[in-house]
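First the structure, in the form of structure tokens, and then the observations on it.
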Amino acid sequence: MTLEGLLPELTVIRKDFPILERALAGGMPLVYLDSANTSQKPQVVIDTMVDHLERHNANIARAMHQLGAESTEAFEAARDKVAAFIGAPERDEVIFTKNASEALNLVANTLAWRGEHQVGEGDEIVITEMEHHSNIVPWQLLAERTGATLRWFGLTDDGQLDLSNAHELINERTAVVAFTWVSNMLGTINPVAELTRRAHAVGARVVVDASQAAPQLPIDLAAMPETDRPDAVAFTGHKVVGPTGIGVLWGRRAFLDGLPPFLGGGEMIETVRMEGSTYAGIPHKFEAGTPPIVEAIGLGAAVEYLSHVGMDAIHAHEQAITGYALEGLRTVTGLTVLGPLDAASRGGAISFELDGVHPHDIAQVLDSRGIAVRAGHHCAKPAHARFGVQSSTRMSSYLYTEPREIDALVEALEYTRSYFKLD
């Protein structure tokens, strides 16, 4: 497997992430292969957040003093940076939430309420079997609350969406189609344009979970043809080298304007009378109360950092390091990768089984050697059930991952086999 796609400035990039210099108990160097869970943070994000708290801390949009103006300016500048990062047609279409789960719940909940896009009895909601729980449970709740029917795409044996019955699943009764751009368990990259086009052809709304896509794929919503552009896209800050506690919901203006407010409180109003209230326009209609100010500012610094490196370059690096990992894992006896085996058609999260060893035991042995991976169902229990397993071990790379770290993983997996006397 060629490694020609690796970022040429990889050594410099790694120095931007101070935690990667850490030695763990016993002096083992940290090998961080859990970036699909949460990414590490570059020094510029840490410094930006500290600087704001030390020098500019104040509430936004309500304090009539210099600090308040500085804080508001920094918060709204972060919105501009996020809009540029995803190519949003309008910056006001970017809504700040606390995470991707809240963003998806915002859409699912407001579709249950009276309004232009209300889902009702007789409507159908289509999801997929590979979704993260955050893109399953909200739609189950919407179906329960409205009398709509929940349907889903199955999976092929190689971890792709089974589109053989797409015309039957997406039909004139379909109100919403919700799916992940990149699977957090299988790594599968889904055909966003094709599914969106099919849904729009029957008048359905499209909601895309981009939590695993935004960190590694170039996204340019404005460049998408109208028929191929989803109606809403959600992602979370902590996977794009930003802080926790901040997420993003992008939505078409016409779609967001037709949704009722999700939360009531300060700053989402136009005016309040005891007899009733009117509401602000987007984005403020969906940002009730004091928002995660410093987290949004940190996210702005994060996406600016990724944009400076270049998302095309990051994607090429992910493909190269993922291909190298797939090649290395293939050499481990008794190891089975779940999901596509072609690095070009998948993201950097690789879930696998090792015959005779529980995933939690694998993770614990790897941790003893300084290697951080994830073990469990990865909030994707239906996808695991589809492949007849309760859980798996998952390694996931990112822009700072080096080939030597993949080598360390493979060596540690061989050690795991010998530790459990599998030879």
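The values are calculated or read from the model by the stated rules, or taken from the named source; none is laboratory data. On a predicted model such as this, the values are computed, not experimentally measured, just so you know. Here Cβ is always computed from backbone atoms with ideal geometry, including for glycine, and neighbour counts include all displayed protein chains. Protein only, heavy atoms only, side chains kept; ligands, DNA and RNA dropped before computing areas. Shrake-Rupley method; radii C 1.70, N 1.55, O 1.52, S 1.80 Å.
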Could you tell me whether any residue of region 78-85 is at pLDDT 95 or above and either polar (S, T, N, Q) or within 26 Å of Val202 (Cβ to Cβ) (or both)?
no
What number goes with the only condition from (1) crowded, with 18+ Cβ neighbours inside 10 Å; (2) part of a loop (DSSP other than H, G, I, E, B); (3) of a type in the set (A, V, I, L, M) that Ala74 does not pass?
(2)
Please specify each residue of region 350-376 satisfying the condition of being without any contact (Cβ under 8 Å) to a residue 40 or more places away in the chain and not small (Gly, Ala, Ser).
His358, Pro359, His360, Gln364, Asp367
Residue by residue through region 1-23, note down the ones that are closer than 19 Å to Ala372 by Cα, in a loop (DSSP other than H, G, I, E, B) and either small (Gly, Ala, Ser) or open to solvent by 40 Å² or more (accessible area, probe 1.4 Å) (or both).
Arg22
Being open to solvent by less than 10 Å² (accessible area, probe 1.4 Å), β-branched (Val, Ile, Thr) and either touching a helix residue (DSSP H, G or I) at 6+ places or on another chain (Cβ under 9 Å) or modelled with pLDDT under 95 (or both) is the requirement here; does Ile136 meet it?
no
Matching residues, region 307-345, being open to solvent by 50 Å² or more (accessible area, probe 1.4 Å), aliphatic (A, V, I, L, M) and not in a loop (DSSP other than H, G, I, E, B):
Ala344
List every residue pair whose Cβ atoms lie under 9 Å apart, where the two residues are 6 or more positions apart in sequence or sit on different chains, the first residue falls within region 54-70 and is in the same structural domain as Ile293 (by TED's automatic domain parsing) and over 13 Å from Ile297 (Cα atoms), and the second residue, located anywhere, is open to solvent by 60 Å² or more (accessible area, probe 1.4 Å) and of a type in the set (Asp, Glu).
Ala61/Glu267; Arg62/Glu267
Conditions (1) open to solvent by less than 10 Å² (accessible area, probe 1.4 Å); (2) assigned to a loop (DSSP other than H, G, I, E, B); (3) closer than 30 Å to Ala201 by Cβ; number of the one not met by Gly281
(1)
Answer with yes or no whether Val126 is assigned to a loop (DSSP other than H, G, I, E, B), buried (at least 20 other Cβ atoms within 10 Å of the Cβ) and out of contact with any Phe, Trp or Tyr (no Cβ under 6 Å at 6 or more places or on another chain).
no
Please work out if Arg253 is open to solvent by 10 Å² or more (accessible area, probe 1.4 Å), within 30 Å of Ala316 (Cα to Cα) and among the basic types (Lys, Arg).
no
Close pairs (6 angstrom Cβ cut-off, 6 or more residues apart or separate chains): more than 12 Å from Leu6 (Cβ to Cβ) and charged (D, E, K, R) in region 383-409, open to solvent by 10 Å² or more (accessible area, probe 1.4 Å) and not in a strand (DSSP E or B) anywhere:
Arg386/Glu129
Could you tell me which residue of region 248-267 is nearest to the chain's Cα centre (by Cα), considering only residues that are at pLDDT 95 or above and in a loop (DSSP other than H, G, I, E, B)?
Arg252
Candidates Lys41, Lys81 - the one that is in a loop (DSSP other than H, G, I, E, B), closer than 23 Å to Val241 by Cβ and among the charged types (D, E, K, R)
Lys41
The residue from Ser164, Ser134 that alone is in a loop (DSSP other than H, G, I, E, B) and within 30 Å of Ser351 (Cα to Cα) is Ser164
Apart from one, (1) within 29 Å of Leu249 (Cβ to Cβ); (2) in a helix (DSSP H, G or I); (3) open to solvent by 70 Å² or more (accessible area, probe 1.4 Å) all hold for Arg55; the odd one out is (1)
Select from region 355-409 the residues that are aliphatic (A, V, I, L, M), under 29 Å from Ala316 (Cα atoms), assigned to a helix (DSSP H, G or I) and open to solvent by 10 Å² or more (accessible area, probe 1.4 Å) and list them in ascending order.
Ala363, Ala408
Within region 87-116, how many residues are surrounded by fewer than 22 Cβ atoms within 10 Å (Cβ to Cβ) and either outside the structural domain of Phe262 (by TED's automatic domain parsing) or of a type in the set (Val, Ile, Thr) (or both)?
1
Residue under question is Glu327, and the condition is that it be charged (D, E, K, R) and touching a residue at least 12 places away in the same chain (Cβ under 8 Å); does it hold?
yes
